[in-house]
Amino acid sequence: MSIFTRNDVSRRAFIERAGLLGVAGAAMPFVMNLAAIGAAAAATAPDYKALVCIFMYGGNDDANTLVPYDQPRYDLYARLRQTVALHRDSLGATLLTPSAPLAGGGQYALHPALAPLMPIWNTGQLAAVLNVGTLVQPTTKAQWLARSVAIPPKLFSHNDQQSYWLAAAPEGANSGWGGRIGDLLQSGNGIASLTCINPGDNTVFLSGKTAIQFALTTNGPVPLNNGNSAVFGSNTVGNTLKSFLAQPRTHVIENEQTRVGKRSLESCATVVAALAKAPLLQTPFPPNQLSNQLRVVAQLIASSAEVGAKRQVFFVSMSGSDTHGNLLQSHAALMATLGNAMRAFHDATVELRVVDRVTAFTASDFGRTMTTNGGGSDHGWGSMHFVMGGAVKGRQFYGKPPVIADNGPDDIGQGRLLPTMSVDQYAATLASWFGVGAGDMSTVLPNIGNYTTRNMGFV
């Protein structure tokens, strides 16, 4: 029966369900996103740290993001990719020289459009993580073929694999691992509602059991009634409306809505005031949507002390990575957007003197096939990702370099990589740096107990 027709609905049940509603519409981005803020039990952090998830919707083409460069492996890559392989002579300027060479003389180069990331790599503040993807437990190719272990549901499906990446659970999950981190650490912040912050798309990643994402636009918070005191030209009417919104009610649902609305007004005013006092960024950000989101994140980090924040989790995103066709042209544009935006954000954290306290990482639905369909690549499984920040043990590759093949030892056909590092391990490494203790890790990542190695050491 609907909660809106039950007479015995409790305030607690209403809060829990209200938190699942997300953003009801553009006119109320704060009302529902600030619902269900609770007091999570967590230790007070002595310093500031931020995690920033950069999600590439559509399944990024990993083979043209991090390209095999040593001649034997490049030849295999070019043979399988045919019309969508990058020319080796275009990769010399982005050849990555790791502090610890890969076994067997293996080499990788970045897509040429990712050249802005080269200085970050060379200073040891960027790492590349190899063949990470969604798993339930460690899985070998023999186990995959025998279907003898649990695997994530609906592999190669955008929605399902996005959910497994962001929530460590099938589609329909009510919380994500970023939000569950927020559950544990939000009580150490001056304002709990400013723990999980989203200037991009509404996402399960930032939804916790009690922590709810604070949504804003790339231009900042969107207050109720657009922040205007005047309604129909009257300040009296506007102020009366705000007062009416904050009045307590006798009905449990009405009263909870009033509490949420009041908190929305207060939180919005706090953020606007904090941003106004934050230092103006001198770092230029290129004019694209991902960069605009990261600029807002940098501004919010600059104002973190003003709102008493010690731990904040952010989510930004870019779309367009489903490159079934026109891969060479469209992927080059995507990599230019990613590289320039990440470089600007890194430079901003240096400017703000928080580079050691901010870790950004990439994620995507899945990788793509090493083989080509003619003009593009199709849905894959394992992929490579970047981790960036002053705390990162950079200029290194983490994970096992996969064998380049079609139905080889490390793929399940068409070069679809069977992950050798799980999203759980990737996330646990980030969460551990952020302050999540070993005893709480299974709360954040329910499947982490299936892995002997839980911290992959890249940060």
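Some notes on this structure:
- Oblate is the label for the stretch 117-180. Its Cα gyration tensor axes, ordered a ≥ b ≥ c, give a/c of at least 1.5 and b/c at or above a/b.
- Carbon and sulfur %, accessible surface of the stretch 269-323 computed with the full protein complex present, 1.4 Å: 55
- Surface analysis of the stretch 91-167 yields an accessible area of 38 Å² per residue, using protein heavy atoms and a 1.4 Å probe.
- The share of accessible area on the stretch 74-165 that comes from carbon and sulfur is 57 percent, using a 1.4 angstrom probe.
- Debye log10 I(q)/I(0) at q = 0.13, 0.32 Å⁻¹ for the stretch 413-459, Cα point scatterers: -0.31, -1.28
- At q = 0.16, 0.20 Å⁻¹ the log10 of I(q)/I(0) for the stretch 163-213 amounts to -0.38, -0.58, computed by Debye summation with a single uniform scatterer per C-alpha, solvent ignored.
- Kirkwood hydrodynamic radius computed over the stretch 284-360 comes to 13.6 Å, based on all pairs of distinct alpha carbons.
- Accessible area per residue for the stretch 324-459, computed on protein heavy atoms with a 1.4 Å probe, is 32 Å².
- Evaluating 6.51 cos²θ - 1.76 cosθ + 1.60 at θ = phi - 60° for every residue in the stretch 304-321, the Karplus couplings come out as 4, 5, 5, 9, x, 7, 10, 9, 9, 10, 10, 9, 10, 8, 9, 10, x, 7 Hz, glycine and proline recorded as x.
- With the convex hull drawn over the C-alpha atoms of the stretch 248-385, the volume per residue is 164 Å³.
- In the stretch 112-214, the trypsin sites (Lys or Arg not before Pro) that fall in loop regions by DSSP, at most 14 other Cβ within 10 Å: R147, K154
- Once backbone amide H atoms are built at 1.01 Å from N, V222 has T217 as its partners under 5 Å, excluding neighbours fewer than 5 places away on the same chain.
- With only the Cα atoms considered, the stretch 349-459 has a convex hull volume of 130 Å³ per residue.
- Here the 3J(HN,Hα) profile of the stretch 151-166, calculated from phi with Karplus coefficients 6.51, -1.76 and 1.60 at θ = phi - 60°, is 10, x, x, 6, 4, 6, 8, 4, 4, 5, 6, 4, 4, 5, 5, 8 Hz, Gly and Pro shown as x.
The values are calculated or read from the model by the stated rules, or taken from the named source; none is laboratory data. Keep in mind that this is a model prediction, so the values were computed, not measured. Here Cβ is always computed from backbone atoms with ideal geometry, including for glycine, and neighbour counts include all displayed protein chains. Surface accessibility is based on the protein's heavy atoms, side chains included, excluding ligands, DNA and RNA. Shrake-Rupley method; radii C 1.70, N 1.55, O 1.52, S 1.80 Å.
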